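Asks: I'd like to ask some things about the structure below.
The values are calculated or read from the model by the stated rules, or taken from the named source; none is laboratory data. Computed from a predicted structure; not experimentally measured. With ideal geometry, Cβ positions are generated from the backbone for all residues, glycine too; neighbour counts draw on all protein chains shown.
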Ligand SMILES: [Zn+2]
Ligand SMILES: [Zn+2]
């Protein structure tokens, strides 16, 4: 049965056709997701249905307070809720840093029963970590379709100036009002689209992991993500015009990405090398005290960067590989350790190596992977052939006036080059980049990189 998304009379999302017998563990989706028009006045009703209580802290920043927070508070107070407002005031953009997290924490009292985040990435993550640490449930009211983190259980934060990812919790209720989302500036919408376009890469990499390493690849998650990203490419004009349909297609895609994480407890379907590279840019720029590009915007750019590698590999002749030569050129464990410290810093490099102990391959394992790739090259080509043409992705992004190149995102040349080399080393997760490296071809592929866009 194909996966189908529908809505009941309360605008609550139901997903059917998700029964699956693949090797991944699956959980039922037990969160309430609402997408529709005029939803803000209905939030009290949604909260009562879920039985979260009547005493809350509402978190917003100056902007999201104006766009929706004020109306959410009014609806809650009129319905008899007790609301403590935590509106975070900043000169520039609010950051998910120690200060913001602390402001939310100190707004929580012993009487608080739940939290409600009105905003997009920053406000939601700041609330999410507090929800996790206090054990209180939280409600997310989306204000921009800019990233796929609403339904996520991980909080990217800034701690003492360093970018960190902390396990946290998913909101119990997610409310996305289409008129509110349409007030988001086009650059935030383009960012959301960039985040979703990266799923083509994540999907292909997951399928490669299945081919080379026998990894379980969930067909239902793949279908959900594929439908969502295809719908987005097909409706880019509606999205650019911020129509009701366009906003629905985009927020659905962003939320469904999260749903695949909820069902499998794994971000495999939604993030791969394109996210590693984008996160690397962000990490280094933050360390240097610079403001990084928006998450989805840089995922979009890195998706354009890695895409030609797939197209090139599909034309490769793996029968020509000289295994003795590849073996002779293998880097030693010591050299790899030095490289990891160089790329990720001493602390970061050690942590990544500790968390991914299997990442330094024995020659036997490398040889097995090369031989598998040779034997199953037709399957690999089929995975790549299923990706849409790169021109289509570029067109989609151009229609939204998205950032297209690392230069536009102020990524310095050396950072760009390093990220293309070290993105694959961020975790064990299998990617085409790892395969190219294992086949001894990475230096050749990256020698004249980034490829000029025709
Ligand atoms: Zn993302
Ligand atoms: Zn499955």
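Asks: So which of 179, 205 ends up being more than 16 Å from ligand 1 (Cβ to nearest atom), in a helix (DSSP H, G or I) and either in contact (Cβ under 8 Å) with a residue 40 or more places away in the chain or within 27 Å of residue 52 (Cβ to Cβ) (or both)? Give the derivation first.
Replies: Details: 205 fails: more than 16 Å from ligand 1 (Cβ to nearest atom).
Residue meeting the stated conditions: 179.
Asks: Could you run through the range 260-270 and say how many residues are within 14 Å of ligand 1 (Cβ to nearest atom) and either crowded, with 24+ Cβ neighbours inside 10 Å or in a helix (DSSP H, G or I) (or both)?
Replies: Of all residues in the range 260-270, those within 14 Å of ligand 1 (Cβ to nearest atom) come to 260-261, 267-270.
Narrowing further to those that are either crowded, with 24+ Cβ neighbours inside 10 Å or in a helix (DSSP H, G or I) (or both): 260-261, 268-270.
Adding up the residues that qualify gives 5.
Asks: Right, something else. Is it the case that the range 330-338 has a residue that's touching a residue at least 12 places away in the same chain (Cβ under 8 Å) and closer than 20 Å to residue 210 by Cβ?
Replies: Quick first cut of the range 330-338, residues touching a residue at least 12 places away in the same chain (Cβ under 8 Å) only: 330, 333, 336-337.
Subsequent filtering for residues that are closer than 20 Å to residue 210 by Cβ retains none.
Looking for residues that are touching a residue at least 12 places away in the same chain (Cβ under 8 Å) and closer than 20 Å to residue 210 by Cβ, one finds none in the range 330-338, hence no.
Asks: Go over the candidates 222, 249, 259, 236 one by one and state the one that is more than 17 Å from residue 3 (Cα to Cα) and in contact with a helix residue (DSSP H, G or I) (Cβ under 8 Å, 6 or more places away or on another chain). Working first, answer last.
Replies: Details: 222 fails: more than 17 Å from residue 3 (Cα to Cα); 249 fails: more than 17 Å from residue 3 (Cα to Cα); 259 fails: more than 17 Å from residue 3 (Cα to Cα).
It is 236.
Asks: Give me the residue from the range 53-77 that is farther than 30 Å from residue 290 by Cα, in contact (Cβ under 8 Å) with a residue 12 or more places away in the chain and assigned to a helix (DSSP H, G or I) and, out of that set, nearest to the chain's Cα centre (by Cα).
Replies: Ranking the qualifying residues of the range 53-77, first place goes to 72.
Asks: Still on this structure, I have one more. Which of the residues that make up the range 208-227 are within 16 Å of ligand 2 (Cβ to nearest atom) and in a helix (DSSP H, G or I)?
Replies: Restricting attention to the range 208-227, the residues satisfying the condition of being within 16 Å of ligand 2 (Cβ to nearest atom) are 209-210, 214-227.
Passing the criteria: 209, 210, 219, 220, 221, 222, 223, 224, 225, 226, 227.
Asks: Shifting gears a bit: Select from the range 11-35 the residues that are surrounded by 13 or more Cβ atoms within 10 Å (Cβ to Cβ) and in contact with a strand residue (DSSP E or B) (Cβ under 7 Å, 6 or more places away or on another chain) and list them in ascending order. First the steps, then the outcome.
Replies: Looking only at the range 11-35, we keep the residues that are surrounded by 13 or more Cβ atoms within 10 Å (Cβ to Cβ), and these are 11-13, 15, 17-18, 20, 22, 24, 26, 29, 31-35.
Selection gives 11, 12, 13, 15, 17, 29, 31, 32, 33, 34, 35.
Asks: Another question, then. Which members of the range 244-255 meet the condition of being more than 13 Å from ligand 1 (Cβ to nearest atom) and either in contact (Cβ under 8 Å) with a residue 24 or more places away in the chain or under 27 Å from residue 405 (Cβ atoms) (or both)? Give the steps one after another, and end with the answer.
Replies: Start the filter on the range 244-255 by keeping residues that are more than 13 Å from ligand 1 (Cβ to nearest atom), which leaves 244-252.
The answer is 244, 246, 247, 248, 249, 250, 251, 252.
Asks: A further question on this structure: Right, residue 308: more than 16 Å from ligand 2 (Cβ to nearest atom) and over 27 Å from residue 441 (Cβ atoms) or not?
Replies: Here the answer is no, as residue 308 does not meet what is asked.
Asks: For the range 272-293, give me each residue that is assigned to a loop (DSSP other than H, G, I, E, B) and over 12 Å from the mean Cα position of the chain (by Cα).
Replies: Initial filter on the range 272-293 (assigned to a loop (DSSP other than H, G, I, E, B)): 272, 288-293.
The answer is 288, 289, 290, 291, 292, 293.
Asks: Would you confirm whether or not the range 408-428 contains a residue that is closer than 21 Å to residue 200 by Cα, more than 19 Å from the chain's Cα centre (by Cα) and buried (at least 21 other Cβ atoms within 10 Å of the Cβ)?
Replies: Taking every residue of the range 408-428 in turn, none turns out to be closer than 21 Å to residue 200 by Cα, more than 19 Å from the chain's Cα centre (by Cα) and buried (at least 21 other Cβ atoms within 10 Å of the Cβ).
Asks: Also: For the range 153-167, check the following and say yes or no: at least one residue is within 15 Å of ligand 1 (Cβ to nearest atom), in contact (Cβ under 8 Å) with a residue 60 or more places away in the chain, under 13 Å from the mean Cα position of the chain (by Cα) and under 21 Å from residue 56 (Cα atoms).
Replies: Yes, the conditions are met somewhere in the range 153-167.
Asks: Which of (1) within 11 Å of ligand 1 (Cβ to nearest atom); (2) farther than 22 Å from residue 444 by Cα; (3) out of contact with any strand residue (DSSP E or B) (no Cβ under 9 Å at 6 or more places or on another chain) does residue 289 not meet, given it meets every other one?
Replies: (1) is the only condition that residue 289 fails.
Asks: So is residue 406 free of Cβ contacts under 8 Å to residues at least 12 places away in the same chain and under 30 Å from residue 287 (Cβ atoms) or not? Please lay out each step first, then the result.
Replies: Details: free of Cβ contacts under 8 Å to residues at least 12 places away in the same chain: no; under 30 Å from residue 287 (Cβ atoms): yes.
Taking the combined requirement at face value, the residue does not satisfy it.
Asks: Does the range 87-114 hold any residues that are within 23 Å of residue 53 (Cβ to Cβ), without any contact (Cβ under 8 Å) to a residue 12 or more places away in the chain and part of a helix (DSSP H, G or I), and which are they?
Replies: Scanning the range 87-114 gives a single hit, 106.
Asks: Okay, next question. So how many residues does the range 29-51 have that are at pLDDT below 95 and in contact with a helix residue (DSSP H, G or I) (Cβ under 8 Å, 6 or more places away or on another chain)?
Replies: If we filter the range 29-51 for residues that are at pLDDT below 95, which is where we start, we get 29-31.
From what is left, the residues that are in contact with a helix residue (DSSP H, G or I) (Cβ under 8 Å, 6 or more places away or on another chain) are 29, 31.
Of the residues in that region, 2 qualify.
Asks: Might you check whether a residue that is free of Cβ contacts under 8 Å to residues at least 60 places away in the same chain and surrounded by 15 or more Cβ atoms within 10 Å (Cβ to Cβ) occurs anywhere in the range 349-357?
Replies: Start the filter on the range 349-357 by keeping residues that are free of Cβ contacts under 8 Å to residues at least 60 places away in the same chain, which leaves 349-351, 353-354, 357.
Narrowing the set further to residues that are surrounded by 15 or more Cβ atoms within 10 Å (Cβ to Cβ) leaves 349, 353.
Yes, the conditions are met somewhere in the range 349-357.
Asks: Only one of (1) in contact with a helix residue (DSSP H, G or I) (Cβ under 6 Å, 6 or more places away or on another chain); (2) more than 21 Å from residue 229 (Cα to Cα); (3) at pLDDT 95 or above fails for residue 169. Which number is that?
Replies: (3)
Asks: Another question, then. Among the residues of the range 180-201, how many are within 16 Å of residue 249 (Cα to Cα) and out of contact with any helix residue (DSSP H, G or I) (no Cβ under 8 Å at 6 or more places or on another chain)?
Replies: Counting residues in the range 180-201 that are within 16 Å of residue 249 (Cα to Cα) and out of contact with any helix residue (DSSP H, G or I) (no Cβ under 8 Å at 6 or more places or on another chain) gives 2.
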